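Notes to accompany the following structure.
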Amino acid sequence: MQPSGTRSPVKAVGGLSLALGLMTIVQGLATVMMLALATMAPIVASALDVGPEAVGFQISLIYTSGAFISAQAGTLVNRFGGCTVSQAAMVLGALGCLVIASGSLLLMAFGSVLIGISYGLTNPAASQILNRLTPSHRLGLVFSIKQTGVPLGGVLAGLALPGIAILVGWRGALFVISGIGLLMAILLLPLRSNWDQNRDRSVRLSSSLFGGPVLVWRSAPLRALALMGFCYSAIQLSLMSFLVTLLVEDALWSIVAAGVAASVVQGFGALARIFWGALADKLDKGLEILVVIGLITIVSSLTILTLSPEWPASLVIIVMTAFGAAAIGWNGVFMAEVVKAAPQGHEGTATGGALTYTFAGVVLGPSLYASIHNFFPSYASTFSALAIFPLLGVSLLIALLRKQASE
């Protein structure tokens, strides 16, 4: 029996194209579930009589549970297979949306945990399926395409959910998402027996509980990448979580207009992921590309410092699009570099382990943003403080590149 992540000699039904398409959809739906409250924050906050910045704590709760499950995801994927774990992710996310729709703050916290578990399972499961089907010289592009599910999910959430919430209420919007998630789990069912042929039923779920994070920490390249992911994800999710609220509160846009703008930013983020992934494969310079992405993120986060209602809408879109192309565009290249640096046969475990650190950054980012917002004059200016995260990430990568050059 092969370990999770190796390229199995058994050809998967539909080949790489079908696997890549479905795993991208799963990633997108998981992202919609994760960002549902963020894109409807002003509406939900008004209904529940809480501040819209409270969504930062909800996002952090999602990623806390995501980080915990990522530490164990490699074992789960080894035991049950990537397709089964993807189905479980969709079911758990759908249930989480239903629980959040209760409107009880306590139950909403529990529903957020379920969504976090769902989100934390998607990448290790996809890595197990895609890695064994993808030529090594195309890893950057394939994983970048799969990771477009995140910004595309953000596009869908930003375009659809505010409008649906206005028509049928925010609870109705969550019911729609839940139904789509359950449908996706059903659609994956016929593929499970073929795609999960390399699962190992002898794997004990209690073994190597935190094997992924330990594996990552013991490898210098994986450790640097994971810590970079911690830094980059902190500002990425802050942008994704607070963009709509930032435009409503600082630029005085309507929630629908802000949702459309957020969708444009997410859309360019999706295109950027493909661009960065293809460029990294062509140049064979994945780490250097990640440095460039970090530098653009730093400049963008400082540029919006003076955002105000006087800014022309076109300028807002241009600046935010550049911000999104970098802050949202790095993940595919990151995932490919993790897979390349992982020990053979342990790509799924390394992916889950690296994402544990990445999710930790997401937990810190939005909650820190929400905590320090009151010390700044606007939502936009709060991003100036968060520029420290991509700065640290760039520093880690430069140190790794210098070490590799000296060896």
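Quick look at the values:
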| read-out | value |
| --- | --- |
| Residues that are on the phi < 0 side of the Ramachandran plot and out of contact with any helix residue (DSSP H, G or I) (no Cβ under 7 Å at 6 or more places or on another chain), drawn from the stretch 245-287 | 254, 257, 271, 275, 282, 283, 285 |
| Meets criteria (assigned to a helix (DSSP H, G or I) and either modelled with pLDDT under 90 or within 28 Å of residue 347 (Cα to Cα) (or both)) for residue 227 | yes |
| The stretch 340-359: number of residues that are surrounded by fewer than 23 Cβ atoms within 10 Å (Cβ to Cβ) and either under 16 Å from the mean Cα position of the chain (by Cα) or modelled with pLDDT of 85 or more (or both) | 3 |
| Unmet requirement for residue 300, which otherwise passes all of (1) more than 19 Å from the chain's Cα centre (by Cα); (2) within 20 Å of residue 225 (Cα to Cα); (3) of a type in the set (S, T, N, Q) | (2) |
| Pick from the stretch 110-160, criterion closer than 13 Å to residue 69 by Cβ, of a type in the set (Gly, Ala, Ser) and touching a Phe, Trp or Tyr at 6+ places or on another chain (Cβ under 8 Å), ranking: surrounded by the fewest Cβ atoms within 10 Å (Cβ to Cβ) | 120 |
| Residue among 279, 252 that is outside any helix (DSSP H, G or I), surrounded by fewer than 22 Cβ atoms within 10 Å (Cβ to Cβ) and among the hydrophobic types (A, V, I, L, M, F, W, C) | 252 |
| Any chance residue 295 is part of a helix (DSSP H, G or I), under 28 Å from residue 246 (Cα atoms), over 21 Å from the mean Cα position of the chain (by Cα) and modelled with pLDDT of 90 or more | no |
| 3 or more residues farther than 20 Å from residue 231 by Cα and in contact (Cβ under 8 Å) with a residue 12 or more places away in the chain: qualifying helices (runs of 4 or more DSSP H) within the stretch 311-407 | 313-327, 347-372 |
| Pair list, Cβ under 8 Å, 6 or more apart: the stretch 219-236 residue without any contact (Cβ under 8 Å) to a residue 12 or more places away in the chain, other residue aromatic (Phe, Trp, Tyr) | 223/217 |
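The values are calculated or read from the model by the stated rules, or taken from the named source; none is laboratory data. None of these values were measured; they are calculated from a predicted model. Glycine gets a Cβ as well: all are built from the backbone with ideal geometry, and neighbour counts include every protein chain shown.
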